[in-house]
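Nothing in this text is a laboratory measurement; each read-out follows from the coordinates by a stated rule. Everything numeric in this text was worked out from a predicted model, so none of it was measured. Note: ideal-geometry Cβ built from the backbone for every residue, glycine included; neighbour counts use all protein chains shown.
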Amino acid sequence: MDWLLEPFRHEFMQRALLGGALIGFTNGFLGAFVVLRRLALMADSLSHSLLPGLVIGVMVFGLAPQGLFLGALVAALFVALGSQMIARSSRLKEDTALGILYTVTFSIGLVLLSFVKVRVSLMHYLFGNIIGLADSDLWVCYAVTLITVPVLAALQRPFLLTLFEPNVARSQGVAVGALNLLLIVLLVLTMVSSLQAVGVILLLGLLLAPAATIYMLCDSFPAMLWGGGLIGLVGSVAGLVLSNRVPNLPSGAAIVLVLGVMFFVAYLFSPRYGIIGRLVRRRHLHEESLARWPKDRE
Amino acid sequence: MRIGARTPSHSLQVSDLTVSYHRIPAVHHMSFEVACGQCVALLGPNGAGKSTLLKALAGLLPLETGSLAFHGRPVRGATPEFAYLPQREAIDWDFPTTVRGLVEMGRYVRVGPWGRYSSEDAKAVDAAIASMQLGAWEHRQVSALSGGQQQRSFLARALAQEAHLFLLDEPFTGLDKPTQDNLRALLRGLREQGKLIIASHHDLTTVPDIFDRVLFLNGELIAAGPVSEVFHEENIQRAYGTRVFSGHEHPHEH
């Protein structure tokens with residue numbers, strides 16, 4: 001027990017745990033929307049477009065965290081909204097538009113990177129470093145959590161209608177287009193706030209794994225949101241404790257690994273949708289089927 | 001809402017409706033009026049504009065010309081009084097919701113995003129589930145339903161929404177005979193409650209069994225009226241025997 005509680009005594013760990021809990025919850029909560037709206041590819045593209053944003057941020061503002069935040073935000077919004085615009089104004093579908101835009105943006109980042117000598121500090125954004133969370137990062141986490149979760153929770157009903165069937169929702173007067181746009185903006189905000197903790201590469205796991213886990217376990221939309229948030233929170237805190245206790249275990253990877261294990265457990269053992277359950281429960285129900293006919297035929 | 005009083009305004013009026021896809025009109029200057037308390041079939045070949053007309057009535061497509069009025073009031077865009085039911089293939093049935101959850105979605109349209117979901121609302125959902133004979137499957141996830149049950153779940157959602165006009169896109173497609181009969185009986189029940197049901201349909205042999213009225217379409221409105229008056233060979237020929245308008249053809253020499 002003491003072994004587990006030990007990390008909570010240090011101030012830098014308290015800060016990391018608080019940040020991890022906030023980021024984990026927000027990502028898990030938002031992840032449900034991303035999974036159901038099938039935005040995983042969009043999220044992946046956006047996470048990659050954060051890097052060039054960071055480079056541009058460094059070039060314009062130097063290493064100040066606000067400048068990096070702004071650069072990442074602008075680049076991700078550019079890719080997200082640009083791909084929507086291309087998909088709507090031409091015969092191309094969104095996945096292709098996204099693929100082109102994010103690789104072009106990423107290339108711009110690489111080209112610019114060869115002119116800027118800050119490679120080392122940017123590496124830190126590739127895989128994250130939650131132990132190095134500064135107070136300013138923590139404030140960003142608070143702000144993003146306090147925007148994302150209440151907004152999504154307040155608009156839960158119209159979002160539910162939109163995610164289930166956008167045409168029916170639209171015919172009922174739901175502002176489907178505006179909700180989709182809002183979702184993308186919140187997605188970008190959340191990703192940018194998670195950068196410092198888990199990095200560009202791993203933040204997709206933090207976003208998708210909790211929602212995928214809870215999706216294997218329940219058939220209720222509210223349960224998916226809050227359950228996803230809870231799994232994200234527990235997974236992040238557990239990953240952090242683990243990385244603190246096991247020498248040389250990087251924190252971002254530890255968090256995503258814990259979440260990955262949770263997902264595979266759900267995938268295998270979910271009572272209703274798990275693989276194992278489906279194999280074990282293979283009853284043929286022949287008796288029940290025969291019982292439909294009257295007995296007097298014998 | 002008064003039910004039963006079939007005053008002239010208790011109807012859907014469509015005047016001069018034109019709707020385009022990619023700048024090619026799919027539905028041209030259609031005008032018709034249908035009274036509530038009926039089942040109306042939209043008939044016509046593929047590409048005749050049946051789905052387009054349904055979507056336009058549901059407020060999903062911009063109207064190029066024309067206007068709609070329901071119960072004497074003009075309708076612009078989406079309204080909770082109309083319920084649109086897409087084709088079954090268009091829906092992700094793995095969505096995390098039970099039959100009850102799906103029916104509650106109809107209620108949210110009335111309650112609003114922040115309104116309290118009261119016991120009255122729960123009762124309305126109970127009633128909708130009961131009238132669509134879904135009580136035994138209330139807590140099933142929606143992919144574990146048969147095609148007919150899925151269709152009925154959406155009808156129950158529309159009932160919970162207190163919709164008066166039901167716009168159904170090919171509701172009978174893919175259903176076997178007993179399921180079709182069941183759906184037909186349920187639609188008749190809705191009709192008796194004064195609802196107006198407009199459904200696209202392609203099986204001509206079942207039209208007289210299911211519907212009271214038909215609208216023959218092929219880009220234009222070809223004929224409209226009670227089944228006994230307009231559902232005959234000549235109109236069928238006129239609707240199905242003419243090539244579908246694509247906007248690019250030049251039947252005459254230049």
Can you give me the convex hull volume of the Cα atoms of region B:148-210, divided per residue and expressed in Å³?
79
Expected vector for region A:161-168, Karplus 3J(HN,Hα) from phi with 6.51, -1.76, 1.60 and θ = phi - 60°, integer Hz, x for Gly and Pro, equals 4, 5, 5, 6, 7, x, 5, 4
Let me understand region A:101-220 better: what is its radius of gyration from the alpha carbons, and its Dmax, in angstrom?
17.9, 54
B:Ile236, A:Ile275 arranged by Cβ crowding within 10 Å, fewest neighbours leading:
A:Ile275, B:Ile236
Compactness index (Cα Rg / 2.2 N^0.38 Å), region A:149-260
1.23
Could you run the Debye sum over the Cα atoms of region B:180-248, one equal point scatterer each and no solvent, and tell me log10 of I(q)/I(0) at q = 0.11, 0.22, 0.27 Å⁻¹, two decimals?
-0.31, -1.00, -1.29
On average, how many beta carbons from a partner chain sit within 10 Å of the beta carbon of a residue in A:213-220?
3
For the protein assembly as shown, how big is Rg over Rh, using alpha carbon atoms and the Kirkwood form of Rh?
1.05
Its Cα gyration tensor gives region A:29-173 an equivalent ellipsoid whose semi-axes in whole Å, largest first, are 31, 21, 11
D for chain A, whole µm²/s, Stokes-Einstein with Kirkwood Rh over alpha-carbon pairs at 4 °C and 1.567 mPa s: what number?
63
Reduced to Cα centres, the span from region A:77-109 to region B:36-77 in Å works out to 35
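I'd like the Kirkwood hydrodynamic radius of region B:70-128, using the inverse of the mean 1/r over distinct C-alpha pairs, in Å. Please list the in-between numbers first.
Values: mean 1/r = 0.0733 Å⁻¹.
About 13.6 Å for region B:70-128.
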Summarise the partner chain shielding of A:155-164 as one whole number: the mean count of Cβ atoms from other chains within 10 Å of each residue's Cβ.
5
Let me check against my output: what whole-number percent is the relative contact order of chain A, with C-alpha pairs under 8 Å and at least 6 apart?
28
Within a 10 angstrom radius of the beta carbon, how do A:Phe33, A:Phe264 rank from fewest other beta carbons to most?
A:Phe264, A:Phe33
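Cβ neighbours within 10 Å, averaged per peptide: list A:70-79, B:205-214 in order, most packed at the top.
A:70-79, B:205-214
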What value does region B:117-170 have for Rg/Rh, both radii from Cα atoms and Rh as Kirkwood defines it?
0.97
Under the Karplus relation 6.51 cos²θ - 1.76 cosθ + 1.60, θ = phi - 60°, what is the ordered set of whole-Hz ³J(HN,Hα) values for region A:135-140, x standing for Gly and Pro?
4, 5, 5, 5, 5, 4
Rounded to whole Hz and in sequence order, give me ³J(HN,Hα) for region A:48-54 from the Karplus expression 6.51 cos²θ - 1.76 cosθ + 1.60, θ = phi - 60°, writing x for Gly and Pro.
6, 7, 5, 4, x, x, 5
For a quick check: sort B:His28, A:His284, B:His139 by the number of other beta carbons within 10 angstrom, fewest at the front.
A:His284, B:His139, B:His28
Extent along principal axes [Cα atoms of region B:50-205; Å; largest to smallest]
45, 45, 31
Scan around B:Leu217 for amide H atoms under 5 Å from its own, H built in the peptide plane at 1.01 Å from N, and keep only partners 5 or more places away or cross-chain.
B:Leu43, B:Gly44, B:Ile222
